[in-house]
Amino acid sequence: QVQLVESGGGLVQAGGSLRLSCAASGNIISINAMGWHRQAPGNERELVAIITSDGSTNYADSVKGRFTISRDNAKNTVYLQMNSLKPEDTAVYYCNADLLFWSGLLSRKGAYWGQGTQVTVSP
């Protein structure tokens, strides 16, 4: 009923930039918070950045000043602009969304995740 699809990952050299996108589709009524998380091999998944429906943002200390999260509410899409990338940013990046959607004639709340996109930063 609801799907999140990420794009924009890839291989980049240290100091480079990438822009990730995540589009939500389905029987969506409204989206509250949208965020990006990442998981490196052997590590737990960690929050990178989050943005609420009114545009308030929060970032992990490790990415402050380098990453920028934004969203286009008309397109149900969240973006992550990543600049000054470091090898330690290498991970699978996942987007997620807390949203309200139609399930038949009922509205339901749910948290959905994308399938993940690989970001690799070479030294």
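The values are calculated or read from the model by the stated rules, or taken from the named source; none is laboratory data. All of these numbers come straight from a predicted model, not from anything done at the bench. All Cβ positions, even for glycine, are placed from backbone atoms using ideal geometry, and neighbour counts span all protein chains on display. For accessibility, only protein heavy atoms count, side chains too; no ligands or nucleic acids. Shrake-Rupley method; radii C 1.70, N 1.55, O 1.52, S 1.80 Å.
DSSP assigns beta bridges within the chain; of those with both partners inside it, close to 90 percent run antiparallel.
What is the sum of charges around Val78, taking Lys and Arg as +1, Asp and Glu as -1, for the other residues whose C-beta is under 9 Å from the C-beta of Val78?
Here the count lands on 0.
Based on the Cβ-Cβ distance of Thr120 and Ser84, what FRET efficiency does E = 1/(1 + (r/R0)^6) give at R0 = 22 Å, to the nearest 0.05?
It comes out at approximately 0.90.
Given axes a ≥ b ≥ c from the Cα gyration tensor, I'd like to know whether the range 6-54 is rounded (a/c under 1.5), prolate (a/b larger than b/c) or oblate.
Working: a/c = 2.16, a/b = 1.66, b/c = 1.30.
Note, shape of the range 6-54 comes out prolate.
Probing with 1.4 Å while keeping every protein chain in the model, the per residue accessible area of the chain equals 53 Å².
Considering the chain as a Gaussian network with a 10 Å cut-off on Cα pairs, which listed residue, Gly26, Gly65, Gly104, attains the greatest mean-square fluctuation? Maximum fluctuation in the GNM of the chain, among the listed residues, is at Gly104. Within the range 53-86, which residues have the backbone N less than 17 Å from the label spot 7 Å out from Arg45 along Cα→beta-carbon, could you tell me? Of the residues in the range 53-86, 60, 78 have backbone N under 17 Å from the label point off Arg45. Build a GNM of the chain with springs between Cα atoms under 10 Å apart, and of Ser70, Ser56, Ser21 the one that fluctuates most is Ser56. A straight line joining the Cα centroids of the range 1-16 and the range 97-123 runs 14 Å. With θ taken as phi - 60° and the Karplus curve 6.51 cos²θ - 1.76 cosθ + 1.60 applied, the whole-hertz 3J(HN,Hα) list for the range 31-43 is 10, 8, 7, 10, x, 10, 10, 9, 9, 8, x, x, 10 Hz, x standing for glycine and proline. Solvent-accessible area assigned to carbon and sulfur over the chain amounts to 48 percent, based on a 1.4 Å probe.
With contacts taken as Cα pairs under 8 Å and at least 6 residues apart, the range 16-64 reaches a relative contact order of 25 percent.
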